Amino acid sequence: MEPIILASSSPRRQEILKLLNIPYQVIMPNIDETVSAGLVPEEVPELFAREKVAAVVRSLPSDREIQWVLGADTVIIFNNKIYGKPENQEEAESFLHLFSGKTHVVRTVIALYCGRTRTTSTRACSTEVTFKEMSDKEIEWYIETGEWHGAAGGYRIQSLASCFIEKINGSITGVVGLPIFELYDILKKQGYSIID
C-alpha cells in the first residue's frame with residue numbers, strides 16, 4: 001500500500017490507521033482553528049479538515065510527489081453551539097455538567113487529497129452520544145483523571161468516559177476521531193484499496 005500523510009498528531013487517528021495496516025507519516029498542519037462567527041456548526045469540521053490537508057500540501061516541497069494526504073476534524077455540537085477542546089480544567093468540568101443527562105452530536109469530517117487527480121474529497125460522520133446523569137463527584141473524579149486534555153468536549157469515549165455513556169447512535173470510531181466506514185469508503189472510491 002502507498003503511504004498516506006496524516007495531517008494530525010492524534011494518537012487515536014494513528015491507532016486506526018495502524019489497525020487497518022495503512023502505512024502513514026505524520027505531518028502536523030499549521031492552521032488557525034478559530035471558528036468564525038456566522039459559520040453553521042455542522043460546516044466547521046469540513047472547513048478545518050480541508051484546511052489541514054491544504055496546509056500540509058502547501059508545506060511540502062514543490063518537487064515532492066504527493067500521493068495521499070488525510071485530514072480530519074471532530075467537533076461536538078450541543079444546542080447549536082460548538083464545543084471543542086477545553087482550554088482548562090474548569091472549562092472541561094463545565095462541558096461535562098452541560099452534557100450530563102443529555103444527548104449531543106459528535107461530527108467528524110475526513111478530507112482526503114489524491115495527488116493523482118489533485119483533488120480533495122470529504123466524508124462526514126455524525127453520531128449522537130447520550131450521557132447518563134452524572135453527580136458532581138463523578139464529574140470531579142473524571143476530570144481528575146486528566147483524560148479531558150486535548151479531547152473535543154472534554155472527554156474520551158474510548159476510555160474512562162465510557163463509564164458515563166448511556167447510549168451511542170452512530171459510529172464509535174467517528175466519535176474517536178476517524179470513522180472507519182467513511183475512511184474505507186473514501187479510500188476505495190479514490191482507488192486506494194486496503195484489502196488487496
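Probe of 1.4 angstrom, ligands and nucleic acids ignored: what's the accessible area per residue over the range 1-120, in square angstrom?
Numbers: 6260 Å² over 120 residues.
With the other protein chains kept in place, the range 1-120 gives 52 Å² per residue.
Shape call for the chain from the C-alpha gyration tensor, a ≥ b ≥ c root eigenvalues: rounded (a/c under 1.5), prolate (a/b greater than b/c) or oblate?
It is prolate, given that a/c is not under 1.5 and a/b is the larger ratio.
I'd like the accessible area for M1, computed on protein heavy atoms only with a 1.4 Å probe and all protein chains in place. Round to 10 Å², please.
Its accessible surface works out to 100 Å², give or take rounding.
Taking only Cα atoms and a 10 Å spring cutoff, compute GNM fluctuations for the chain and point out the largest among E46, E65, E166.
Of E46, E65, E166, the most mobile in the Gaussian network model is E65.
Using alpha carbon centroids, what distance separates the range 58-107 and the range 146-174, in Å?
Each part reduced to its Cα centre gives a spacing of 12 Å.
If a/c stays under 1.5 just call it rounded; otherwise compare a/b with b/c (prolate if a/b is bigger, oblate if not). Do that for the range 1-82, with a ≥ b ≥ c from the square roots of the Cα gyration tensor eigenvalues.
oblate
Where in the range 158-196 does the amide nitrogen come within less than 11 Å of the point 7 Å from the Cα of H97, taken along Cα to Cβ?
Hits in the range 158-196 for H97 at 11 Å: none.
Run the dipole for the range 3-105 about the Cα centre, Lys and Arg Cβ at +1, Asp and Glu Cβ at -1, nothing else charged, and hand back the magnitude in debye, nearest 20.
320 debye
Just going by the charge dipole of the chain, with Lys and Arg at +1 and Asp and Glu at -1 on Cβ, which of P45, H97, Y142 is farthest out on the positive end?
Farthest towards the positive pole: P45.
Among I172, G154, Y184, which residue has its Cα furthest toward the positive end of the charge dipole of the range 139-196, with +1 on Lys/Arg Cβ and -1 on Asp/Glu Cβ?
Among I172, G154, Y184, the one farthest towards the positive end of the dipole of the range 139-196 is Y184.
For a quick check, take a GNM of the chain with Cα springs below 10 Å and name the residue from A161, A152, A72 with the largest mean-square fluctuation.
Result for the chain, Cα springs under 10 Å: A161 fluctuates most.
Kindly state, to the nearest 0.05, the FRET efficiency for L39 paired with D136, given R0 = 30 Å and r defined as their beta-carbon distance.
Between L39 and D136 the formula returns 0.35.
Using a 1.4 Å probe over the heavy atoms of the protein chains, calculate the carbon and sulfur portion of the accessible area of the chain as a whole percent. Before the final figure, lay out each step's value.
Working: 4800 of 10060 Å².
With neighbouring chains kept in place, the figure for the chain is 48 percent.
Given a Förster distance of 22 angstrom, what is the FRET efficiency for N30 paired with E65, based on the Cβ-Cβ distance and rounded to 0.05?
0.50
Place a +1 charge on the Cβ of each Lys and Arg in the chain and a -1 charge on the Cβ of each Asp and Glu, then give the dipole magnitude about the Cα centre in debye, rounded to the nearest 20.
Details: 20 positive and 26 negative charges, 155 e Å.
Dipole magnitude for the chain comes out near 740 debye.
Most fluctuating residue of D32, D136, D63 in a GNM of the chain with Cα springs under 10 Å: which is it?
D63
The values are calculated or read from the model by the stated rules, or taken from the named source; none is laboratory data. Model, not experiment: these values are computed from the prediction. Cβ sites come from the backbone with ideal geometry, for glycine too, and all protein chains shown count toward neighbours. Surface accessibility is based on the protein's heavy atoms, side chains included, excluding ligands, DNA and RNA. Shrake-Rupley method; radii C 1.70, N 1.55, O 1.52, S 1.80 Å.
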